[in-house]
Structure formats: C-alpha cells, structure tokens
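Peer 1: Structure provided below as structure tokens; questions to follow.
The values are calculated or read from the model by the stated rules, or taken from the named source; none is laboratory data. Here the structure is a predicted model, which means the values were calculated and not measured. Neighbour counts run over all protein chains shown; Cβ positions are idealised from the backbone, glycine included.
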C-alpha cells in the first residue's frame, strides 16, 4: 500500500534535478511530501517538480503545504530551476 503520498514522477524531473546539481546544490529525491530535499551551504529546501505551469498539486500536497511553516518551491520548467538555483546560491 502506497498511501496518501503515492508519487508519480514528473517527466521533466531528471532535467530539473540535473540543473540543480550543476549549480552545486545537493538533491535527495524523496517520495513525500515533496519530490526532493535540496541542500546548499547548510540550508535545506523542499522542492516539488511539476511538468509545466498547469500541472496541479495533489490534495495531499496542497494540505501539506497549507500547514508547512518551512521553505518550499515548486519548479515547473528548466528556466524556473535556473532562476531558483541563482537565488539559492546568492543566499536569498
């Protein structure tokens, strides 16, 4: 039984993870509650990958993010991944 967090991988996930790694940011793929935990210079980030801007979060993901008090990002494209990596590396 996979439960509420059953995770279907998005088709663009390998490319987005490759971009993140190319920027020197660690990527640890996960099945819940997001697609990965990423780390850079002592900071951790929850990363959710969606295949395009119209892709929707699951109800379980929406519920989790509604109560999550930490940092998270949803990346839908390679361009968004590049921009996010630059922000992370700049310390913001």
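Peer 1: How many residues are surrounded by 10 or more Cβ atoms within 10 Å (Cβ to Cβ) and within 14 Å of residue 8 (Cβ to Cβ) when one looks only at segment 46-61? So that I can check it myself, show each step before the final result.
Peer 2: Step one: of segment 46-61, the residues surrounded by 10 or more Cβ atoms within 10 Å (Cβ to Cβ) are 46-52, 55, 57-58, 60-61.
Still in the list and also within 14 Å of residue 8 (Cβ to Cβ): 48-51, 55, 57-58, 60-61.
Counting residues in segment 46-61 that are surrounded by 10 or more Cβ atoms within 10 Å (Cβ to Cβ) and within 14 Å of residue 8 (Cβ to Cβ) gives 9.
Peer 1: Then there's this: Criterion first (part of a helix (DSSP H, G or I), crowded, with 17+ Cβ neighbours inside 10 Å, out of contact with any strand residue (DSSP E or B) (no Cβ under 6 Å at 6 or more places or on another chain) and free of Cβ contacts under 8 Å to residues at least 40 places away in the same chain) does residue 64 satisfy it?
Peer 2: Yes.
Peer 1: On to the next question. Do you know which of the residues in segment 67-92 that are touching a helix residue (DSSP H, G or I) at 6+ places or on another chain (Cβ under 7 Å) and assigned to a strand (DSSP E or B) is surrounded by the most Cβ atoms within 10 Å (Cβ to Cβ)?
Peer 2: 75
Peer 1: To continue, here is another question. Name the single residue, out of those in segment 20-57 being in a helix (DSSP H, G or I) and in contact with a strand residue (DSSP E or B) (Cβ under 9 Å, 6 or more places away or on another chain), that is nearest to residue 91 (Cα to Cα).
Peer 2: In this case the residue turns out to be 20.
Peer 1: What number of residues in segment 31-41 are at pLDDT below 95 and exposed (fewer than 14 other Cβ atoms within 10 Å of the Cβ)?
Peer 2: Of the residues in that region, 1 qualify.
Peer 1: Residues in segment 8-18: is at least one touching a residue at least 60 places away in the same chain (Cβ under 8 Å) and in contact with a strand residue (DSSP E or B) (Cβ under 9 Å, 6 or more places away or on another chain)? Give the steps one after another, and end with the answer.
Peer 2: Quick first cut of segment 8-18, residues touching a residue at least 60 places away in the same chain (Cβ under 8 Å) only: 12, 15-16.
This time we only want the ones that are in contact with a strand residue (DSSP E or B) (Cβ under 9 Å, 6 or more places away or on another chain), so: 12, 16.
Yes.
Peer 1: I need the full set of residues from segment 8-19 which are buried (at least 18 other Cβ atoms within 10 Å of the Cβ), more than 11 Å from the chain's Cα centre (by Cα) and outside any loop (DSSP other than H, G, I, E, B), in order please.
Peer 2: 19
Peer 1: Among (1) without any contact (Cβ under 8 Å) to a residue 12 or more places away in the chain; (2) surrounded by fewer than 14 Cβ atoms within 10 Å (Cβ to Cβ), there is one condition residue 26 misses while meeting the rest; what is its number?
Peer 2: Only one criterion is unmet by residue 26, namely (1).
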